[in-house]
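To keep things clear, I will list the structure first and then write my remarks on it.
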Amino acid sequence: MSIGEFSHFYSCNLGAQSSNGKYLVFLNGHSIPVSNTWLEDGLKDFENDKVAGVFSFVLPQKGAPLFEKTF
């Protein structure tokens, strides 16, 4: 993949493929979390064995792509 073909989805997949930790956390520079405890709150959900993933609501910043503004 060349620089001109970059996408956030590709970079997330590449990072996930290269990871070896227990959790994956993806952040986006266009949005900010709605609380100071978003990471702690999200990780608590994994205490339930039936939870495979969590999502945190964000406040889109000016210039954020439309799909980030629709959550």
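Taken together, the values in this text are just the output of simple stated rules run on the coordinates, not laboratory data. None of these values were measured; they are calculated from a predicted model.
The figures follow:
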| read-out | value |
| --- | --- |
| For Ser31, distant residues with modelled amide H under 5 Å away | Gln61 |
| HN-Hα J in Hz across segment 6-11 - Karplus 6.51, -1.76, 1.60, θ = phi - 60°, x for Gly and Pro | 4, 9, 5, 5, 5, 5 |
| For q = 0.28 Å⁻¹, Debye-computed log10 I/I(0) when each Cα of the chain counts as one equal scatterer | -1.29 |
